[in-house]
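The values are calculated or read from the model by the stated rules, or taken from the named source; none is laboratory data. Quick caveat, the model's predicted, so the values are computed rather than measured. Because the Cβ atoms are built from the backbone with ideal geometry, glycine has one as well, and the counts that use them run over all protein chains shown.
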Amino acid sequence: MNKIISGGFALGLMVSGVVGMAQASPVLWKTNGHYYDAISFPEGITWGEAKIMAENSVYLGVNGHLATITSAAENSFIINALGGPSELDTFFLGGFQPVGSPEPGGNWQWVTGEPWSYTNWASGEPNDTYGGNGIIPLPDMVGANEEVLQFWVGIGKWNDIEELSYWGGLIVEYPTAPIPEPQTYAMLLAGLGLLGFMARRRKESAI
């Protein structure tokens with residue numbers, strides 16, 4: 001589901017601490033039990049803003065994060081389930097390079113710390129275009145490296161881009177909801193039993 005949110009509205013929500021932006025209808029991938037959602041920003045959003053929004057979004061009691069794609073199957077599912085490659089063009093993902101990493105391809109990581117083993121770069125990527133490969137940077141990219149990840153050019157592949165530039169949206173991933181510990185179930189059952197006992201005593205007292 002690709003929801004449209006204005007940039008100003010999104011920033012206002014982040015400042016005010018409102019969470020749960022992506023609770024409408026995330027899509028379940030049964031292979032890993034995770035849910036995914038796409039949020040569109042016609043006015044643009046930076047990777048840092050997208051990361052904050054994803055981590056403050058809640059679904060089924062679980063906080064999200066920018067999507068981390070660790071297999072071709074997961075990449076295909078996200079593209080097909082959330083509207084197709086054209087709908088997700090320039091949407092941010094959870095990949096990044098720490099400051100000082102070798103450019104263009106060194107030390108890419110996922111925000112969750114998962115292994116960086118699968119990649120789906122577009123042809124010629126990553127290339128650190130705005131970081132010093134001889135191409136004149138756009139005004140908001142002067143002196144910057146391309147060190148964050150996004151879907152690119154409507155083909156469902158990846159591109160490296162500058163962190164402070166504004167693009168079309170983000171993909172949020174919600175991990176599997178935590179399973180209560182056995183003692184939690186025991187406490188719940190005990191509590192329900194106590195409530196039933198108290199209700200029965202009140203009924204008997206009223207007779």
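Out of 137, 126, I need the residue that is in a loop (DSSP other than H, G, I, E, B) and either outside the structural domain of residue 30 (by TED's automatic domain parsing) or modelled with pLDDT of 90 or more (or both). Which one?
Criteria check complete, one pass: 126.
Looking at (1) under 18 Å from residue 110 (Cα atoms); (2) buried (at least 18 other Cβ atoms within 10 Å of the Cβ), which one does residue 45 not meet, given that it meets all the others?
Going through (1) under 18 Å from residue 110 (Cα atoms); (2) buried (at least 18 other Cβ atoms within 10 Å of the Cβ) one by one, residue 45 breaks only (1).
Could you check segment 23-45 and list, in sequence order, the residues that are over 17 Å from residue 87 (Cβ atoms) and assigned to a loop (DSSP other than H, G, I, E, B)?
Matches in segment 23-45: 23, 30, 31, 32, 33.
Which residues, counting only those in segment 29-43, are more than 14 Å from residue 91 (Cβ to Cβ) and not hydroxyl-bearing (Ser, Thr, Tyr)?
29, 30, 32, 33, 34, 43, listed by residue number.
Out of curiosity, is residue 95 at pLDDT 90 or above, in a strand (DSSP E or B) and not charged (D, E, K, R)?
Numbers: at pLDDT 90 or above: yes; in a strand (DSSP E or B): yes; not charged (D, E, K, R): yes.
Against the criterion (at pLDDT 90 or above, in a strand (DSSP E or B) and not charged (D, E, K, R)), residue 95 qualifies.
So in segment 40-55, with the set limited to residues that are in contact with a helix residue (DSSP H, G or I) (Cβ under 7 Å, 6 or more places away or on another chain) and touching a residue at least 40 places away in the same chain (Cβ under 8 Å), which one is farthest from residue 79 (Cα to Cα)?
Here the answer is 43.
Could you list all residues from segment 46-71 that are over 8 Å from the mean Cα position of the chain (by Cα) and part of a loop (DSSP other than H, G, I, E, B)?
46, 56, 57, 60, 61, 69, 70, 71
Looking at residue 74, is it in the same structural domain as residue 35 (by TED's automatic domain parsing) and outside any helix (DSSP H, G or I)?
For residue 74, the condition - in the same structural domain as residue 35 (by TED's automatic domain parsing) and outside any helix (DSSP H, G or I) - is not met.
Would you confirm whether or not segment 104-122 contains a residue that is surrounded by fewer than 18 Cβ atoms within 10 Å (Cβ to Cβ), in contact with a helix residue (DSSP H, G or I) (Cβ under 9 Å, 6 or more places away or on another chain) and of a type in the set (Ser, Thr, Tyr)?
So far as segment 104-122 goes, yes, one or more of its residues are surrounded by fewer than 18 Cβ atoms within 10 Å (Cβ to Cβ), in contact with a helix residue (DSSP H, G or I) (Cβ under 9 Å, 6 or more places away or on another chain) and of a type in the set (Ser, Thr, Tyr).
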